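First the structure, in the form of structure tokens, and then the observations on it.
Please treat every number below as a calculation from the coordinates, not as lab data. Because the structure is predicted, anything quoted here is derived from the model rather than measured. So basically every Cβ, Gly included, is an ideal-geometry build from the backbone, and we count neighbours across all protein chains shown.
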Amino acid sequence: MKTAIYPGSFDPFTLGHLDLLTRSAALFDHVIIAILENRNKTPFFSFEERRDMILAAVDESKISNVSLEYYGGLLIDFAKQKEAAAIVRGLRAVTDFEYELQLASTNKLLAPEVETVFLMASTQYAYLSASTVREVAYFGGDVSAMVPAVNLQRIVERLKENE
Ligand code: ADP
């Protein structure tokens, strides 16, 4: 049984995240989505909102070997606790590379038994980020090509509320 952790802020969960999750779920027996507390970023969507949207997207996509947890500590401790074989991360542009390399190297130092696996972003989502979604939706732009259809209304309304 090979478990992978897919960590992130998912603020909100995008089609790029869903693409990576779907591909990871095909490679591993079980994928745990870990919504991590990030000390450097205050999330726009609450944990409950992010959780509900991710679960709705997973449900709609009919991926069955995925579960979700929140973790407030160090990612590598969570991975060890879950006896995960790997941490999955996405690489978009080269700008992701340096940060991801640093993260993966640190985690390797802390727990050599846990691998970090990188999947290249699919071409159509290579420039898609959660912050882009928030920015476009805030100014009333169309984000239907960026987020799972099941969450579109919720995201648009929530950003409108915040105006
Ligand atoms: P973090 O705050 O850890 O960067 P994110 O929620 O932004 O969390 O992203 C979580 C993971 O998903 C990261 O590995 C990121 O590279 C990946 N990711 C984000 N957007 C995309 C995308 N459009 N295509 C593929 N992977 C992506």
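Remarks
- Rg over Rh, two decimals, the range 2-56 (C-alpha only, Kirkwood Rh): 0.98
- Loop-resident trypsin sites (Lys or Arg not before Pro) (DSSP state other than H, G, I, E or B) in the range 1-57 with no more than 12 further Cβ atoms inside 10 Å of their Cβ: Lys2, Arg39, Lys41.
- Degrees separating the helix 152-161 axis from the principal Cα axis of the chain, which is the longest one: 70 degrees
- The Cβ shell under 13 Å around Pro43 holds other residues with a net charge of +2, Lys and Arg each +1, Asp and Glu each -1.
- Taking only the C-alpha atoms of the range 82-131, the Rg (one decimal) and the largest Cα-Cα distance, Dmax (whole number), read 12.2, 34 Å.
- Distant-in-sequence amide H partners of Leu68 (H built 1.01 Å from N, under 5 Å): Ile33
- With Cα atoms, 0 to 90° folded angle of helix 94-110 axis to the chain main axis: 40 degrees
- For the chain, averaging the sequence separation of C-alpha pairs within contact (under 8 Å, six or more residues apart) and dividing by the residue count gives a relative contact order of 30 percent.
- Selection of chymotrypsin sites (Phe, Trp or Tyr not before Pro), the range 115-163, meeting DSSP coil and at most 14 other Cβ within 10 Å: Tyr127, Phe139
- Estimated D of the chain in µm² per second, where Rh is the Kirkwood radius over Cα pairs and Stokes-Einstein applies at 20 °C, 1.002 mPa s: 132 µm²/s
- P(r) tail fraction, the range 40-108 - alpha-carbon pairs more than 20 Å apart, %: 49 percent
- Residue of Leu27, Leu36, Leu128 that the Gaussian network model of the chain assigns the largest fluctuation, springs spanning Cα pairs under 10 Å: Leu27
- Each eigenvalue of the Cα gyration tensor of the range 99-163, multiplied by 5 and square-rooted, gives one semi-axis; in descending order these are 33, 14, 11 Å.
- Relative pair counts by distance (%), Cα atoms of the range 42-81, 5 Å bins: 5, 19, 22, 20, 22, 11, 1
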